[in-house]
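The values are calculated or read from the model by the stated rules, or taken from the named source; none is laboratory data. Note that the structure is predicted; figures quoted are calculated from it, not measured. Here the Cβ positions follow ideal geometry from the backbone for every residue, glycine too, while neighbour counts run over all protein chains shown.
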Amino acid sequence: MKNCELCSTPGGDLLWQSALCRVVRIDDADYPGFCRVVLNKHKKEMSDLSADERDQLMTVVFAVEEAVREVIRPEKINLASLGNMTPHLHWHVIPRFKRDRHFPNPIWGQSRRESLPQVLDPTIAQALKDAIQRRLNKGEQVFLAI
């Protein structure tokens with residue numbers, strides 16, 4: 001779809017990709033380590049996918065969650081698939097900290113405190129990319145089979 005942001009752009013810094021989906025890091029100073037898992041084809045809902053595609057997509061989401069937890073060490077992870085503004089199937093993997101500007105509210109809710117912007121150190125960014133690739137490349141033959 002030519003008007004869809006996630007069809008026409010990667011949607012962030014590309015960390016990993018398969019035939020089914022891609023993992024990108026979002027450059028958000030309030031939420032360093034924020035990643036998205038984006039379906040490569042334009043579908044709006046999880047129920048638009050086959051059972052096998054749903055299983056594989058969620059395997060990627062959970063692998064990204066594990067990598068973010070390992071490298072970023074947040075107090076909590078938020079997983080969300082909203083798509084209200086961008087109706088292209090994608091999952092948000094959001095590291096949360098008690099000091100972040102919205103905690104305990106959702107990041108799209110009302111801010112609770114001043115922003116404490118953080119720059120993700122390049123070595124940490126690379127470690128996150130490596131952790132995601134390590135988890136997902138183990139099962140590469142499964143992901144590339146679609």
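Numbers for the structure displayed
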| quantity | calculated |
| --- | --- |
| Selection count, the range 38-74, where residues are free of Cβ contacts under 8 Å to residues at least 24 places away in the same chain and in a loop (DSSP other than H, G, I, E, B) | 4 |
| Matching residues, the range 22-37, being in contact (Cβ under 8 Å) with a residue 40 or more places away in the chain and within 17 Å of Asn137 (Cα to Cα) | Val23, Val37 |
| Selection from the range 128-146 of residues that are modelled with pLDDT of 50 or more and either assigned to a helix (DSSP H, G or I) or under 14 Å from the mean Cα position of the chain (by Cα) (or both) | Leu128, Lys129, Asp130, Ala131, Ile132, Gln133, Arg134, Arg135, Leu136, Asn137, Glu140, Phe143 |
| Odd one out for Val37, checked against (1) modelled with pLDDT under 95; (2) under 17 Å from Ile132 (Cβ atoms); (3) of a type outside the set (Phe, Trp, Tyr) | (1) |
| Selected residue (criterion: surrounded by the most Cβ atoms within 10 Å (Cβ to Cβ)) from residues of the range 119-135 that are touching a residue at least 40 places away in the same chain (Cβ under 8 Å) and closer than 11 Å to Pro32 by Cα | Leu128 |
| Residues located in the range 83-97, provided they are modelled with pLDDT of 90 or more and either loosely packed, with under 15 Cβ neighbours inside 10 Å or basic (Lys, Arg) (or both) | Arg96 |
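Yes/no matrix, rows are residues, columns are (1) more than 10 Å from the chain's Cα centre (by Cα); (2) surrounded by 13 or more Cβ atoms within 10 Å (Cβ to Cβ):
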site	(1), (2)
Gly12	no, yes
Cys21	yes, yes
Asp30	yes, yes
Ala51	yes, no
Asp55	yes, no
Thr59	yes, yes
Glu66	yes, yes
Glu70	yes, yes
